[in-house]
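Nothing in this text is a laboratory measurement; each read-out follows from the coordinates by a stated rule. The model shown is predicted, which means the values in this text are computed figures rather than measured ones. Cβ placement follows ideal geometry from the backbone for every residue including glycine, while neighbour counts extend to all protein chains displayed.
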Amino acid sequence: MGRLEDICQVAERLFSERGYHATSIRDIARKLHLQGGSLYAHISTKEDLLWEIVRRAAEQFLQAIEAVLRQESDPVARFRGAFRAHVAVIARNLPAATVYFHEWRQLSPQRREAVLQQRDLYEAMWREIVHGGIEQGVFRPVDVAMATRAVLSVANWFYQWYRPEGPRSAESIADELSELLLAGLVKEGQS
């Protein structure tokens, strides 16, 4: 693992525990046993670190759902796979997910706009899953935007309460939550 990776991991942890503004470059350097100024050999600003963490997380969510959309055509399988993939991204790196969901607003306006564009793209992919299920007659005719927001609200809140050391795997939780959500979408007699 390279030095930038080490720096990002420490920053993820500190930003997720303390928040972006409450974490200084000195705090990050101290955890890495470096002088504060030494970090600037690897990064330009603290915001660059935040951007790197948020950008990587956004890319992971997009790549995960894109893989599901390429592999699955059945609406229910797509929904289950996309939900499981979303939860897996969060579970693999809870600190980065926490930073992604909480601290992205601390970015400069241009970078915030880039994050919003990625989020809009991701939400559009979820809308396509819901819309496709309706079009194929598998899902009830629902307000696609509302249903998508409800699904993403459940999925995005997972990072708040999931603990890897807990009694259930992220995958089993994702499966149960997706079944609960599908119960509101799938028409009777469909599966």
### Task
Out of Arg163, Arg111, report the one residue that is more than 15 Å from the chain's Cα centre (by Cα), assigned to a loop (DSSP other than H, G, I, E, B) and under 25 Å from Val10 (Cα atoms).
Arg163
### Query
Ala77 fails exactly one of the following numbered conditions: (1) within 30 Å of Val138 (Cα to Cα); (2) within 11 Å of the chain's Cα centre (by Cα); (3) of a type in the set (Gly, Ala, Ser). What is the number of that condition?
(2)
### Query
Among the residues of the range 87-128, which ones are touching a Lys or Arg at 6+ places or on another chain (Cβ under 9 Å) and more than 25 Å from Ala170 (Cα to Cα)?
Arg105, Gln106, Arg111, Arg112, Ala114, Val115
### Summary
Scanning the range 83-106 for residues that are small (Gly, Ala, Ser) and farther than 18 Å from Glu165 by Cα gives Ala85
### Query
Which one of Ala145, Ala183, Ala155 is out of contact with any Gly (no Cβ under 9 Å at 6 or more places or on another chain), surrounded by 17 or more Cβ atoms within 10 Å (Cβ to Cβ) and among the aliphatic types (A, V, I, L, M)?
Ala155
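When you look at Leu62, is it out of contact with any Gly (no Cβ under 6 Å at 6 or more places or on another chain), part of a helix (DSSP H, G or I) and more than 22 Å from Asp120 (Cβ to Cβ), yes or no? Give the derivation first.
Details: out of contact with any Gly (no Cβ under 6 Å at 6 or more places or on another chain): yes; part of a helix (DSSP H, G or I): yes; more than 22 Å from Asp120 (Cβ to Cβ): no.
For Leu62, the condition - out of contact with any Gly (no Cβ under 6 Å at 6 or more places or on another chain), part of a helix (DSSP H, G or I) and more than 22 Å from Asp120 (Cβ to Cβ) - is not met.
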### Among the candidates Arg84, Arg30, Arg78, Arg92, residue that is among the basic types (Lys, Arg), closer than 27 Å to Leu180 by Cβ and surrounded by fewer than 16 Cβ atoms within 10 Å (Cβ to Cβ)
Arg92
